[in-house]
Amino acid sequence: MKQSHLFTKTRREAPKDEVAKNAQLLIRAGYINKEMAGVYSFLPLGLRVMNKIVQIIREEMNAIGGQEVHLTALQDKKVWEMTNRWDDAIVDNWFKTKLKNGSDVGLGFTHEEPLTNLMKDHIRSFRDLPRAIYQFQTKFRNEDRAKSGIMRAREFLMKDLYSFNVDDEAHQAFYEQARKAYTRIFDRLGLGGQTYLTFAAGGSFSKYSHEFQTITDAGEDIIYVHEGKRLAVNKEVLNDEVLGDLGISRTDLVEKKAVEVGNIFSLGTKFSDALGLNFKDAEGKLKPVIMGSYGIGPGRVMGTIAELWSDDKGLVWPESVSPFAIHLIALNDESGDVKKATDELYEKLTKKDVEVLYDDRDETAGTKFSDSDLIGIPRRIVISAKTLKDNSAEIKDRKTDTVEMVAISSL
């Protein structure tokens, strides 16, 4: 992509009403646009990052047997009434509206009910199990106060996977696969070192659920970290019983602020009982399907990366999710030799399928460098009249700020 063609615009200042660091940086660098409180559009740079986050998650979900679908955002009131979750007294963040014929519909904030209902047409026998179904779907939550930028929005992308098993033993085996897959995901996203498997309230079926909490001052949760065991306990469940179950002492835990970037929890038969999702076992007996739920918010992940992978100059993307691998910059010269050499390098790199953002704009060196720092692509290659004298280019590592000179022919 040539930067002169790229649909984006950097800004010196973020909107005055935006207080979250992640949104400030992403807006200033031209990745997202704020439409209203808690609602953001993703521009080409932002969408490239989002798609890379999604692809990493997709690969790991496929690796454990997940099959991708795309469910509807519009929700049927009747399905949700079967679990009593249409009631605003039970779920207080619905967006609801009416069709022209007067029927009530909602915008999905999660998808346990509709998918469980759908699976009734696909699961009849133990031979139809196990199943692991997931999607990337826009969710809508009518939050009282949207804050934390894209880390807590009213409209956001969610990966939700649901597992369906014959019994608890099979469920627990898949649950462990999902836990390991989540660990791999956050490692690949550049958050592994700061993300902890965190014990939280488990609901009616399981004693504990598991959150994946990333340490950041921008987080809204308080967790207690045991660094030696690479685990943590959510403040809401910290007590002597939990400490005993985990075999840890309160003195070994350190209080930290964190953001929940993912969660996995057992649903048991809560939804299969309510909606009538049953199967016949090998002996012909009718039994309810055992379910689990596994969520990650790609937008929240992107915001968390922006919080942690940034400095006073701008964003510093991990290579795995950066919109481009290289930011190629030509510094203007009167002869045109620099542009010619950089054009040739750009063509060679793109033919090798290297993702390159080429700053070919008629701007000063200062503007190009400050924009490059703000956008945060991991490697910057600069060709100028000075470097061209030695047939070389300057390569700068955005994270370490180190610079080296490399022959253009070896690039």
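None of the figures in this text is laboratory data; all of them are computed from the coordinates on show. Only a predicted model underlies this, so the values are computations on that prediction, with no experimental measurement involved. Cβ sites come from the backbone with ideal geometry, for glycine too, and all protein chains shown count toward neighbours.
Projected label points at ARG127 and THR251, each 7 Å from Cα along the beta carbon direction, are separated by 6.1 nanometres.
Look at the dipole of the chain built from charges on Cβ: of MET158, GLY292, TRP317, the Cα furthest out on the positive end belongs to MET158.
Relative to the Cα centre, the charge distribution of the stretch 21-311, modelled as +1 at Lys and Arg Cβ and -1 at Asp and Glu Cβ, gives a dipole magnitude of about 880 debye. Under 5 Å between amide hydrogens, built in the peptide plane, is the criterion, and for ASP359 it picks out GLN3, LEU328, ILE329, ALA330 among residues at least 5 positions away or on other chains. For the stretch 285-359, the C-alpha radius of gyration divided by 2.2 N^0.38 Å, with N the number of residues, is 1.93.
In the chain, the calculated helix contribution to ellipticity at 222 nm averages -8500 deg cm²/dmol per residue, counting -39,500 (n - 2.57) for every DSSP H run with n ≥ 4. Against the main long axis of the alpha-carbon atoms of the chain, helix 44-63 sits at an angle near 50°. Each of ASP217 and LEU99 was given a label point 7 Å from its Cα along the Cα-to-Cβ line. The distance between the two points is 5.1 nm.
In the chain, the longest principal axis of the Cα atoms and the axis of helix 298-308 are about 50 degrees apart. Short-range pairs are left out: with C-alpha atoms under 8 Å and at least six residues apart, the relative contact order of the chain is 16 percent.
Considering every alpha-carbon pair of the chain, the percent of pairs per 20 Å bin, from zero through the bin containing the longest distance, is 24, 49, 23, 4, 0. Using 32 Å as the Cα-Cα cut-off, could you pick out the over-long pairs in LYS139/LYS229; LYS100/LYS120; LYS340/LYS396? The answer is LYS139/LYS229.
Computed from phi, the 3J(HN,Hα) profile of the stretch 97-109 under the Karplus parametrisation 6.51, -1.76, 1.60 (θ = phi - 60°) reads 8, 10, 6, 4, 8, x, 5, 7, 9, x, 9, x, 9 Hz, with x in place of Gly and Pro. Toward the positive end of the charge dipole of the stretch 326-410, with +1 on the Cβ of Lys and Arg and -1 on the Cβ of Asp and Glu, the farthest Cα among ALA365, SER410, HIS327 is that of SER410.
Bridge orientation summary for the chain: considering DSSP beta bridges with both residues in this region, about 80 percent are antiparallel. When only the Cβ of Lys, Arg, Asp and Glu is charged (+1, +1, -1, -1), the dipole of the stretch 326-410 relative to its Cα centre reaches about 240 debye.
The ranking of ASP167, ASP343, ASP371, ASP312 from fewest to most other beta carbons within 10 Å of each one's beta carbon is ASP312, ASP167, ASP343, ASP371. The phi torsions of the stretch 362-372, fed into the Karplus equation with coefficients 6.51, -1.76 and 1.60 and a -60° offset, translate into couplings of 8, 10, 6, 4, x, 5, 5, 5, 5, 5, 5 Hz, rounded to whole numbers, with Gly and Pro shown as x. Hey, how many Å between the Cα centroid of the stretch 8-83 and the Cα centroid of the stretch 94-144? Each part's Cα centre sits 20 Å from the other's.
The Kirkwood radius of the stretch 326-410, taken over pairs of alpha-carbon atoms, gives through the Stokes-Einstein law at 37 °C and 0.692 mPa s a diffusion coefficient of 255 µm² s⁻¹. Going from the fewest other Cβ atoms within 10 Å to the most, the residues ASP187, ASP362 appear in the order ASP362, ASP187. Neighbour counts of other Cβ atoms within 10 Å put THR97, THR342 in the fewest-to-most order THR97, THR342.
Among the GluC sites (Glu not before Pro) found in the stretch 182-265, those both in a DSSP coil and sparsely packed, with 15 or fewer other Cβ atoms within 10 Å of their Cβ, are GLU220, GLU227. Using only the C-alpha atoms, the convex hull of the stretch 1-143 corresponds to 178 Å³ per residue.
Taking only Cα atoms, what is the 0 to 90° angle, nearest 10, from helix 337-351's long axis to the longest principal axis of the chain? For helix 337-351, the angle is close to 30 degrees.
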